[in-house]
Amino acid sequence: GSWLDAVRATILMGVVSGVYYWRAKTEERHLGMDPTYRDYSEWIERNGLVPRFFAWVGGKRTVRV
């Protein structure tokens, strides 16, 4: 492995990551048109594992509904 190979691999990984990011954002936009998915998304923002973890680390209490 040369530096050129490392730079090439890094750029390729950045492009692939960008494609997946764009795909995820597009999928979220399409799913956001469904009222059931919007309800689910709002519930997850309040009660999902990651938001609850950050609330716990930050000392905030979460309300489960």
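Out of every Cα-Cα pair that the chain contains, those further apart than 20 angstrom amount to 57 percent. Counting only Cβ charges, +1 for Lys and Arg and -1 for Asp and Glu, the dipole size of the chain around its Cα centre is about 280 debye. Relative to the longest principal axis of the Cα atoms of the chain, the long axis of helix 35-47 lies at roughly 90 degrees.
The sum of -39500 (n - 2.57) across all DSSP H runs of n ≥ 4, divided by the residue count of the chain, sets its helix-only mean residue ellipticity at 222 nm to -26500 deg cm²/dmol.
Remark: region 6-12, residue by residue, has Karplus-estimated 3J(HN,Hα) of 5, 5, 4, 5, 5, 5, 4 Hz, where x stands for each Gly or Pro and the curve is 6.51 cos²θ - 1.76 cosθ + 1.60 at θ = phi - 60°. For region 27-34, backbone phi angles converted through the Karplus equation (6.51, -1.76, 1.60; θ = phi - 60°) give residue-by-residue couplings of 5, 4, 5, 5, 5, x, 7, 8 Hz, Gly and Pro being listed as x.
Subtracting the Cα-Cα distance of Glu27 and Ala55 from 0.36 nm times their residue separation leaves 7.4 nm of extension gain.
All of the numbers you see were taken from the coordinates with simple rules; none came from a lab. Bear in mind the structure is a predicted one, so any value in this text is a computation, not a measurement. We place every Cβ from the backbone using ideal geometry, glycine too, and count neighbours over all the protein chains shown.
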